[in-house]
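Below: the structure, in structure tokens.
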Protein chains: 2
Amino acid sequence: MYSIALDVMGGDYAPTAVLEGARSALRQFSELFLYLIGPQEVLKGFPIKERVKFVFTDEYVRMDEAPGEAIKKKRGASIFLGLDLLKENKAKAFVSAGNSGAVVAGSIFILGRISGVRRPAIATLLPTLKEPMVLIDAGANVDSKPYDLYQFAVMASLFLETIWGRPNPKVALLSIGEETGKGNQLVREAYKLLSSSNLNFCGNIEGRDMYRGDVDIVVCDGFIGNICLKLSEGLAENILEMLKNEVKKSYLYILGMYLSKGAIKAFKKRTDWREYGGAPLLGVKGNVIISHGKSDAHAIKNAIRQALYFAKIDLASQLGRAIEEHKIEEDDLES
Amino acid sequence: MYSIALDVMGGDYAPTAVLEGARSALRQFSELFLYLIGPQEVLKGFPIKERVKFVFTDEYVRMDEAPGEAIKKKRGASIFLGLDLLKENKAKAFVSAGNSGAVVAGSIFILGRISGVRRPAIATLLPTLKEPMVLIDAGANVDSKPYDLYQFAVMASLFLETIWGRPNPKVALLSIGEETGKGNQLVREAYKLLSSSNLNFCGNIEGRDMYRGDVDIVVCDGFIGNICLKLSEGLAENILEMLKNEVKKSYLYILGMYLSKGAIKAFKKRTDWREYGGAPLLGVKGNVIISHGKSDAHAIKNAIRQALYFAKIDLASQLGRAIEEHKIEEDDLES
């Protein structure tokens, strides 16, 4: 049995979507034990009583709240209570689709960073033309330093080695040209650090090649990573909508699309972020899964599945040991 | 008759694609007079002799060359000779699909900036679910300052008013959340400048909403703008490829897609950057059109069409006057 803590009040469609996701996860995963954290009023009607424990709180962090303020003024909010359960080793992983800034700040404050890590980062799995890849940082930090980008690459490499046993994953740096020296100041300096590292660094990658699947890890600052992530989601949806608008112009097209709707469904499933569950926050002492703010029940269930897997392998501990072996020294932090 | 200068050696498929584009533009646009700038060896076989003048040079800037170096060491390169023709008022617009950094640097050096403008910026038209919109800066600058972002917004607003007569276009700032205060330091400071300006500023926009068409102008630093632009291009192509891979799995799907191929073709045309021609470099004293590095003949022809239009309305002069009226004072440049 693996205990997972779930923030019932996190996300645009909370609590309804979160509770539905919890229900279907409990039905589907027999090894799952869930801590549900939220208001008594909301939780009292939850239909499953086995393998479930309620943690009542009326406080929660709103999606638009400033994380620093929230942690000072709402220490009893669902996000922070979930992280407490992780800290106390009662839960093995924590899932929230809530205010991701508050999850990051709370994780650093309550769980602490893995020794040597300066900035934890969100590692998001994304579909490509070939195998899925990792985008890091997908939004935990803005205004990163070159050394942070290097550390993101180290963490993502160890992460992929841990979860997929893929040794020496290929790392690329997101920039505006493939050549050395292309990019802004941050990227040009990070390029030097990555080039002289032991990582399997293969240079810059341009936006247009990101989804080709030629690299395993794309590294960037969280501001750009988050914009790229959301741009991709929005574009994928809009492209299908534009296509649909064209199809509507003729009955023949409509018939054609009807015949191939199975392919479109399979394609949608393959590119749907909801299928990928949540994204781990790498670099903190605990398995924290950040789920999309727009998560529906299906996305929450998949995030719990993800959390269950990370709890089983104890990702955070493995990553901690690997980072230690990789010798990210405290001294390095000065650079 | 309008004279346009064309860099025959610019772009990944130069000179072949450029010359083909030139030929089809001359056939299609009867008011067009072309200065073709490139090696004698390359130009001597060009089949059209009327409304054409050759400017011979063996020098050109390679795609991966550092712009600063190029302008020092290769003053006779095709890009710089094209800009000279503009400066001398022999040509009314200049088109290049070559090294965009060299076009930007050359434009600033040879033509000069419009008074009050600190950093020229590339304004790219992009399709959305509704009307096309402008993304500025699409890659002329990296590491912009907050004040630059404000100026980009001013230039793009005046640009849209000039070319479409759309008064008071809606401006949004690309960020990682819609709320005030979301974003990195650059965006947070630019937000303040834009809020207190006379522009029709409607706040931050997230990546996922960029292609919805709810705003007319999306403002960002050129590093992010260029990544977003190329990411979008790559993703649109990859999505069609992923869809095709799913379709291949059944004869029924293949039949369906065959029937609706007209819709897919129309959709492709609508979202193809080649249809949009080049992007103007706003803020310099001359009509400079930067075309995609991967331009084929069709894209070059459309960039020439674009240049012809900007030459007719004399975009740069109109923009210069508008900026003057808008009172971007030299004093402001300190902030």
- Beyond 18 Å, what share of the Cα-Cα pairs of the stretch B:121-273 is found? Please give it as a whole percent. 60 percent
- Message: From the mean inverse distance of alpha carbon pairs (Kirkwood) and the Cα radius of gyration, derive Rg over Rh for the protein assembly as shown.
- Response: 1.00
- At R0 = 25 Å the Cβ-Cβ FRET efficiency linking B:Glu50 and B:Arg270, nearest 0.05, sits at 0.15
- Would you mind ranking B:Cys220, B:Cys202 by Cβ crowding within 10 Å, fewest neighbours first? B:Cys202, B:Cys220
- Task: Can you check how the C-alpha radius of gyration of chain B compares to 2.2 N^0.38 Å, as a plain ratio?
- Result: 1.02
- Query: Short version: ³J(HN,Hα) in whole Hz for each residue of the stretch B:148-158, in order, from phi by Karplus 6.51 cos²θ - 1.76 cosθ + 1.60 (θ = phi - 60°), x for Gly and Pro, what are they?
  - Reply: 4, 4, 4, 5, 4, 5, 4, 4, 5, 5, 5
- One would report the antiparallel percent of DSSP beta bridges in chain A, rounded to the nearest 5, as 25 percent
- Item | Space enclosed by the convex hull of the alpha-carbon atoms of the stretch B:196-294, per residue, Å³ | 148 Å³
- Query: Working from the pairwise distances between different alpha carbons, so that the mean of 1/r is found and then inverted, what is the stretch B:274-321's Kirkwood radius in Å?
  - Reply: 10.8 Å
- Task: Taking trypsin sites (Lys or Arg not before Pro) as candidate sites, keep only those in a DSSP loop with at most 14 other Cβ atoms within 10 Å, then name the longest stretch of chain A containing none of them.
- Result: A:131-247
- Item | Environment charge of B:Thr124, counting only residues whose C-beta is closer than 12 Å and scoring Lys/Arg +1, Asp/Glu -1 | -1
- Note on the structure: Net charge near A:Val142 (other residues with Cβ under 10 Å of its Cβ; Lys, Arg +1; Asp, Glu -1) is -1
- Query: Measuring from a point 7 Å out along Cα→Cβ, what nm distances, shortest first, does B:Phe56 have to its partners in the other copies?
  - Reply: 9.2
- Query: How far apart are the B:Pro132 label points across copies, placing each 7 Å from Cα toward Cβ, in nm, shortest first?
  - Reply: 3.8
- Item | Per-pair calculated FRET efficiency, R0 = 56 Å: B:Glu41 and A:Phe109 via Cβ, rounded to 0.05 | 0.25
- Stick to the Cα atoms of the stretch A:1-157, pair each with every other, and give me the Kirkwood hydrodynamic radius in Å at one decimal. 16.7 Å
- Task: Return the percentage of antiparallel bridges among DSSP beta bridges fully within the protein assembly as shown, rounded to the nearest 5 %.
- Result: 25 percent
- Mind scanning A:Lys230/B:Lys261; A:Lys249/B:Lys312; B:Lys72/B:Lys92; B:Lys53/B:Lys261; A:Lys265/B:Lys269; A:Lys294/B:Lys261 and naming the pairs with a C-alpha gap bigger than 31 Å? A:Lys249/B:Lys312; B:Lys53/B:Lys261; A:Lys294/B:Lys261
- Message: Return the equivalent ellipsoid semi-axes of the stretch A:18-93 as a descending list in whole Å, where each equals the square root of 5 times an eigenvalue of the C-alpha gyration tensor.
- Response: 24, 14, 11
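Throughout, read-outs are computed from the coordinates displayed, never taken from laboratory work. The structure presented is a predicted model; accordingly, all values stated were derived computationally and were not measured. FYI the Cβ positions are ideal-geometry reconstructions off the backbone, even for glycines, and counts take in every protein chain you see.
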